[in-house]
Amino acid sequence: ELSRNDLRRFLRLATSQCTLARGESFPLTIHRCPKSDRLPVGRTCFHRVDLPDYQNANVLREKIFLSLASMDGSGFGIA
């Protein structure tokens, strides 16, 4: 359901990179956190996204898209 631009933003959130070199790969971890209303948090040094245990899939989608929409060109957004 993510557009190409949203996928780039997600990659930037998790790794601080917006693209991968051809053939490049690395592990990317989604870390489940306790219930919270916070936005997902990227841990770029660890290629990890801390994702709170939201109430339902709609809240999850809303928080992810809000987080991705807040990404600016520097790789830092609001949290």
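The values are calculated or read from the model by the stated rules, or taken from the named source; none is laboratory data. What you are looking at is a predicted structure, and each value in this text was computed from that prediction instead of being measured. Every residue, glycine among them, receives a Cβ derived from its backbone with ideal geometry; neighbour counts consider all protein chains shown. We work out accessible area using only protein heavy atoms, side chains counted, and drop any ligands, DNA or RNA first. Shrake-Rupley method; radii C 1.70, N 1.55, O 1.52, S 1.80 Å.
Quick notes on this one:
- The set of residues in the range 1-60 that are closer than 15 Å to residue 71 by Cα and touching an Asp or Glu at 6+ places or on another chain (Cβ under 6 Å) contains only 41.
- Top-ranked residue in the range 21-32 [being closer than 17 Å to residue 45 by Cβ and among the hydrophobic types (A, V, I, L, M, F, W, C); ranked as farthest from the chain's Cα centre (by Cα)]: 26
- Residues (among the aliphatic types (A, V, I, L, M) and at pLDDT 95 or above) located in the range 1-38: 30
- Residue selected from the range 60-73 under the condition aliphatic (A, V, I, L, M) and open to solvent by less than 70 Å² (accessible area, probe 1.4 Å), by the criterion farthest from residue 11 (Cα to Cα): 60
- Every pair of residues 6+ apart whose Cβ atoms lie under 8 Å, when the first sits in the range 27-56 and is within 18 Å of residue 7 (Cβ to Cβ) while the second is of a type in the set (S, T, N, Q) and part of a loop (DSSP other than H, G, I, E, B): 39/70; 42/16; 44/16
- Filtered residues of the range 2-26 (kept if touching a Phe, Trp or Tyr at 6+ places or on another chain (Cβ under 8 Å) and not aliphatic (A, V, I, L, M)): 6, 15
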